[in-house]
Amino acid sequence: MADEVVNKVAFELVTPTALAISEDVDMVVVPGSEGDFGVLPGHTPILSTVRPGVINMYTDGVITKSLFVEGGFAEANPERCTVLAESATDVSDLSSSDTEARLSAAREAYSSADDEAKEAAEKELRIAEEMVRAAGGNSTLH
């Protein structure tokens, strides 16, 4: 049993309101701001910002859970990976119609935003685009 724990990464995903996930996994793949990165047992310590995208958790070579995050921060070390996310949604809970509606609203808000609101509108547009991508991938998870 002790060997099993050594070959796992303790993964925690924390949102402002709750501890969303706390599981031991073989690997977790995080959408870092400089690109996706995988965390395995023994990972070199790293701090990274997290861009909108999907976190995949792996056990026995299979994705066991996929979570859409809107952004945040990640810290990894040899034993653990912790993600502090603005929000987290199970990818299986994303519907194509809802995400398309969010994208449409974000495009409209971006096109009509003044200079002060442009940055926030652009951030929402990036989140909505990634959410649509994630929702389109639902069929591959089942």
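The values are calculated or read from the model by the stated rules, or taken from the named source; none is laboratory data. Keep in mind that what you see is a predicted model, and the values were worked out from it rather than measured. Neighbour counts are summed over all protein chains in view; Cβ atoms, including those assigned to glycine, are modelled from backbone coordinates with ideal geometry.
Annotation note: of A76, A113, A134, the sole residue that is among the small types (G, A, S), without any contact (Cβ under 8 Å) to a residue 12 or more places away in the chain and surrounded by 15 or more Cβ atoms within 10 Å (Cβ to Cβ) is A113. If the condition is being surrounded by fewer than 18 Cβ atoms within 10 Å (Cβ to Cβ) and in a strand (DSSP E or B), then region 5-17 contributes A10, E12, V14. Take region 18-63 and flag every residue that is in a loop (DSSP other than H, G, I, E, B) and under 20 Å from K123 (Cβ atoms). Listed by number, the residues that qualify are S33, E34, R51, P52.
Of all residues in region 90-109, those that are farther than 17 Å from S66 by Cβ have Cβ atoms under 9 Å from Cβ atoms of residues that are in a helix (DSSP H, G or I) and β-branched (V, I, T), 6 or more apart or on another chain, in E100/V132; R102/I127; R102/V132; L103/V132; A106/I127. Of the residues in region 92-113, not one is of a type in the set (D, E) and over 21 Å from V132 (Cα atoms).
Would you say E100 is outside any strand (DSSP E or B) and acidic (D, E)? Judged against the criteria, E100 is a match. Filtering region 64-85 to residues that are under 10 Å from the mean Cα position of the chain (by Cα) and either assigned to a loop (DSSP other than H, G, I, E, B) or assigned by TED's automatic domain parsing to the domain that holds V132 (or both) leaves E70, G71. Here G61 meets each of (1) touching a Cys at 6+ places or on another chain (Cβ under 8 Å); (2) surrounded by fewer than 15 Cβ atoms within 10 Å (Cβ to Cβ) with one exception, condition (1). Annotation: S87 fulfils all but one of (1) surrounded by 14 or more Cβ atoms within 10 Å (Cβ to Cβ); (2) in contact (Cβ under 8 Å) with a residue 24 or more places away in the chain; (3) in contact with a strand residue (DSSP E or B) (Cβ under 6 Å, 6 or more places away or on another chain); the unmet one is (3).
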